[in-house]
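Peer 1: Structure provided below as structure tokens; questions to follow.
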Amino acid sequence: MCGIVGVTADPDQVPNVMPMLVQGLKRLEYRGYDSAGFAFIECGSQKLLVFKNKGRIDDVVRSYGVSTYCAISGIAHTRWATHGAPNQVNAHPHLDCNKKIAIVHNGIIKNFAELREWLVEQGHRFESDTDTEVIAHLLEHFSREERDFFSAFKKALRMLEGAYAIAVLHEDEPLRIYFARNISPLLIGLGIGFNMLSSDIPSMLPYTRRFIVLNDGEYGYIEPYRVHIEKEGRSIDWRARITTITWSLEDAEKGGYPHYMLKEIMEQPRVLYETYMGLLSSREVEDAAKILADTDKIFITGAGTSYHASLVFTYYLSLLARELAIPFIASEYSTYSRLSGSDSALIVVSQSGETIDSLQALRAFKKKGAKIIAVSNVIGSTIPRESDKTIYTRAGPEIGVAATKTFLTQVLALTFLSLRLGLIRGVLTQSEYKDLVNELKRAGEAASVSIEKSSRIIERLVIGLKKSNSMYILGRELGVPLAYEGALKVKEVSYIHAEAYPAGESKHGPIALVEPGFPVIFVATPPAEHLFEKLQGNIMEMKARGASTILFGVDGYEDVKGADIVVTVGPWGEVLAPYALTPPLQLLAYRLAVALGRDPDKPRNLAKTVTVE
Ligand code: M6R
């Protein structure tokens with residue numbers, strides 16, 4: 001899972017594409033940052049130059065003085081290592097033996113070992129351990145046999161098995177960039193006197209708002225004034241597929257905050273309101289609810305944060321529609337897809353719409369005849385395109401690797417869906433349904449009040465918590481998925497071990513770790529009348545072992561005993577509690593990361609969009 005970008009321009013319109021290449025790549029750094037590299041055709045000399053190394057884009061650009069070069073076209077790559085250690089030789093672009101063909105690739109070539117063996121027998125010399133390098137040598141190989149490079153490119157593609165988004169630059173065709181997409185995302189950005197390729201839209205937004213989302217199996221080339229796309233040997237008429245994007249560039253940038261993660265946490269009140277208005281004014285939810293109403297079995301899946309949103313949905317579906325949804329972690333799909341069929345529906349939750357585990361789950365269910373509903377934040381991404389119906393969240397681009405604003409917008413969309421099914425099933429009357437939908441309008445307000453009430457105390461809490469190696473986050477009922485999500489945030493950005501459990505489960509094992517000073521955070525959700533006593537008991541159990549206990553709860557938990565610190569975030573009932581109780585945990589994770597000198601936007605070993613299984 002990596003990011004790729006390519007630009008080709010008419011020098012009279014864009015005299016130097018290097019700034020576009022560098023800036024475009026930097027916006028893709030969330031997709032991986034083990035190494036970075038550039039291949040470009042130098043203005044004047046028309047030679048192919050390549051600079052690459054391990055480390056972050058800025059370091060690579062600085063160490064080779066990349067920005068001081070002038071280029072008429074180029075391709076670039078930021079890597080999240082899969083095959084081969086993150087070092088200089090394994091960094092992309094990769095080259096053929098003659099060093100005239102450069103390639104960048106996102107994805108995994110499954111049959112690279114056989115291809116490599118065959119190419120070595122043919123006399124090709126490999127420099128790296130990557131799967132990608134085989135493509136450069138295949139291109140070199142077939143360009144000797146074929147009449148033109150495009151035919152060689154197509155022949156090489158036919159040999160590849162696996163996932164790829166590819167961009168190729170050949171020194172002999174300086175203004176043409178070849179591309180291909182299979183499973184891994186790739187889009188074309190259309191400019192005036194230039195065209196671009198990239199793994200996502202925000203990286204191209206400063207230059208154009210007009211895009212073509214490539215489909216699996218499509219390949220072709222771009223030139224400054226030409227786009228050519230083919231699939232299975234037939235040219236594609238792409239003009240009707242142009243999407244014009246209205247997000248502002250500012251939406252995709254930091255807006256004065258020190259980190260994207262903080263900006264995105266703070267944006268939640270606004271994006272919740274926008275998502276709410278969008279859901280209210282479209283038919284997406286109604287259509288999806290009808291699909292669910294016509295099926296016997298409802299499954300819901302996602303990875304990481306999107307899985308936690310799925311768990312919240314299971315809670316609401318049972319509460320508001322008296323229906324069971326079976327949640328599962330996307331990568332574990334085979335246990336569940338086996339039990340699905342045309343009587344089933346699968347909801348696939350994915351902010352990026354590109355997560356491969358979720359996509360594979362979708363495809364397995366689809367094969368069995370299940371109906372598919374996507375919940376996604378990215379228009380035109382693969383999961384929505386392969387689904388029967390999509391409910392879009394309107395969180396805007398999320399750049400921080402940690403999912404924050406997209407989680408709550410997913411929860412909002414899924415709560416709408418539960419309400420609608422509750423109405424169809426007759427569990428809710430029309431007026432109950434209306435009241436609850438009206439209540440959801442306050443989701444943004446719940447987030448904003450809670451941020452206001454909890455920010456100060458979180459800064460103080462961090463002083464002690466940053467010294468801990470480990471902590472628990474516990475909840476009951478609706479509090480459980482919120483605790484899971486809080487623990488995921490803490491560990492992924494602060495690198496402090498944080499584990500979440502249902503509070504009742506803690507004495508079945510996890511409590512063995514608790515010793516004096518061990519931090520245990522409780523997420524106390526409504527209804528307090530129903531959960532107070534039990535949570536109180538769980539807090540006392542921890543306190544009796546010397547734990548340092550903190551409670552984040554809605555109003556009604558102020559008088560809880562045994563908690564060292566109690567933070568109440570407002571008078572929110574069951575449908576609004578997630579919007580009030582999630583931001584404090586996100587802020588806690590963020591503040592811990594900053595206090596410990598971590599980069600919250602780009603946590604180590606992670607990438608924003610995970611396109612490998
Ligand atoms: O784009 P998706 O929602 O499909 O991504 C799924 C997970 O990779 C993602 O939610 C991940 O767990 C978060 N970045 C964690 O903060």
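Rundown of residues vs (1) closer than 19 Å to Asn605 by Cβ; (2) assigned to a loop (DSSP other than H, G, I, E, B); (3) in contact (Cβ under 8 Å) with a residue 60 or more places away in the chain; (4) in the same structural domain as Asp131 (by TED's automatic domain parsing), yes/no style:
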residue	(1), (2), (3), (4)
Met20	no, no, yes, yes
Ser63	no, no, no, yes
Ser73	no, no, yes, yes
Thr78	yes, no, yes, yes
Gln88	no, yes, no, yes
Lys99	no, yes, no, yes
Ala102	no, no, yes, yes
His105	no, no, yes, yes
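Peer 1: Another question, then. Given the residues Ile372, Ile379, Ile399, Ile383, which is the only one that is modelled with pLDDT of 90 or more and outside any helix (DSSP H, G or I)?
Peer 2: Matching residue, one of Ile372, Ile379, Ile399, Ile383: Ile372.
Peer 1: Does segment 464-474 include one or more residues that are part of a helix (DSSP H, G or I) and either within 21 Å of Asp601 (Cα to Cα) or within 16 Å of the ligand (Cβ to nearest atom) (or both)?
Peer 2: yes
Peer 1: Could you list, in sequence order, the residues of segment 2-35 that are modelled with pLDDT of 95 or more, touching a helix residue (DSSP H, G or I) at 6+ places or on another chain (Cβ under 9 Å), under 14 Å from Val61 (Cβ atoms) and hydrophobic (A, V, I, L, M, F, W, C)?
Peer 2: Listed by number, the residues that qualify are Val5, Met18, Leu21, Val22, Leu25.
Peer 1: Additional query: With Lys453, Lys434 as the choices, which residue is in a helix (DSSP H, G or I) and under 19 Å from Ile521 (Cβ atoms)?
Peer 2: After applying the criteria, what remains is Lys453.
Peer 1: Given the condition open to solvent by less than 30 Å² (accessible area, probe 1.4 Å), aliphatic (A, V, I, L, M), under 30 Å from Tyr30 (Cα atoms) and within 16 Å of the ligand (Cβ to nearest atom), answer yes or no: does some residue in segment 434-454 qualify?
Peer 2: Among the residues of segment 434-454, not one is open to solvent by less than 30 Å² (accessible area, probe 1.4 Å), aliphatic (A, V, I, L, M), under 30 Å from Tyr30 (Cα atoms) and within 16 Å of the ligand (Cβ to nearest atom), which makes the answer no.
Peer 1: Can you tell me which residue within segment 370-396, out of those that are more than 19 Å from Asp287 (Cβ to Cβ) and open to solvent by 10 Å² or more (accessible area, probe 1.4 Å), is nearest to the ligand (Cβ to nearest atom)?
Peer 2: Here the residue is Val378.
Peer 1: Would you mind listing the helices (runs of 4 or more DSSP H) fully within segment 254-367 where at least 2 residues are within 16 Å of the ligand (Cβ to nearest atom)?
Peer 2: 260-266, 268-281, 304-321, 356-367
Peer 1: Here is a follow-up. Condition first: open to solvent by 20 Å² or more (accessible area, probe 1.4 Å), modelled with pLDDT of 95 or more, touching a Gly at 6+ places or on another chain (Cβ under 8 Å) and under 26 Å from Asp172 (Cβ atoms). Can you find one or more residues in segment 83-95 that meet it?
Peer 2: The answer is no, given that none of the residues of segment 83-95 is open to solvent by 20 Å² or more (accessible area, probe 1.4 Å), modelled with pLDDT of 95 or more, touching a Gly at 6+ places or on another chain (Cβ under 8 Å) and under 26 Å from Asp172 (Cβ atoms).
Peer 1: Check whether at least one residue in segment 13-21 is more than 18 Å from Phe194 (Cβ to Cβ) and open to solvent by 10 Å² or more (accessible area, probe 1.4 Å), and report yes or no.
Peer 2: Within segment 13-21, not a single residue is more than 18 Å from Phe194 (Cβ to Cβ) and open to solvent by 10 Å² or more (accessible area, probe 1.4 Å).
Peer 1: Only one of Ile457, Ile424, Ile521, Ile511 is modelled with pLDDT under 95 and away from the ligand (no atom under 16 Å from the Cβ); which?
Peer 2: Ile511
Peer 1: A further question on this structure: With respect to Ala528, determine if the residue is closer than 16 Å to Val554 by Cα and without any contact (Cβ under 8 Å) to a residue 60 or more places away in the chain.
Peer 2: yes
Peer 1: May I ask you to verify whether Thr415 is of a type outside the set (Gly, Ala, Ser), within 16 Å of the ligand (Cβ to nearest atom) and open to solvent by less than 20 Å² (accessible area, probe 1.4 Å)?
Peer 2: no
Peer 1: Additional query: Please specify each residue of segment 565-613 satisfying the condition of being within 14 Å of the ligand (Cβ to nearest atom), open to solvent by 50 Å² or more (accessible area, probe 1.4 Å) and of a type in the set (A, V, I, L, M, F, W, C).
Peer 2: Leu606, Val610
Peer 1: Still on this structure, please answer the following. Output the residues belonging to segment 120-178 that are in contact (Cβ under 8 Å) with a residue 40 or more places away in the chain, over 24 Å from Ser235 (Cα atoms) and open to solvent by 20 Å² or more (accessible area, probe 1.4 Å).
Peer 2: Asp129, Glu171
Peer 1: For segment 23-47, which residues satisfy the criterion of being open to solvent by 20 Å² or more (accessible area, probe 1.4 Å) and in a strand (DSSP E or B)?
Peer 2: Of everything in segment 23-47, just one residue is open to solvent by 20 Å² or more (accessible area, probe 1.4 Å) and in a strand (DSSP E or B), namely Glu42.
Peer 1: If you don't mind, there's one more thing I want to ask. Of (1) polar (S, T, N, Q); (2) under 28 Å from Glu264 (Cβ atoms); (3) in contact with a helix residue (DSSP H, G or I) (Cβ under 6 Å, 6 or more places away or on another chain), Ser337 satisfies all except one. Which?
Peer 2: The one condition Ser337 does not meet is (2).
Peer 1: Let me ask another. If I filter segment 205-225 for residues that are part of a strand (DSSP E or B), within 23 Å of Leu359 (Cα to Cα) and aliphatic (A, V, I, L, M), do I get at least one hit?
Peer 2: yes
Peer 1: Determine if segment 107-122 includes at least one residue that is of a type outside the set (Lys, Arg), in a loop (DSSP other than H, G, I, E, B) and over 26 Å from Met196 (Cβ atoms).
Peer 2: yes
Peer 1: Ok, one more. Restricting to segment 538-556, what's the tally of residues that are open to solvent by less than 30 Å² (accessible area, probe 1.4 Å) and farther than 23 Å from Leu588 by Cα?
Peer 2: Total meeting the criteria: 0.
The values are calculated or read from the model by the stated rules, or taken from the named source; none is laboratory data. This is a predicted model, so every value here is computed, not measured. Backbone-built Cβ (ideal geometry, glycine too); neighbour counts: all protein chains shown. The accessibility values were calculated without ligands, DNA or RNA, using every heavy atom of the protein model including side chains. Shrake-Rupley method; radii C 1.70, N 1.55, O 1.52, S 1.80 Å.
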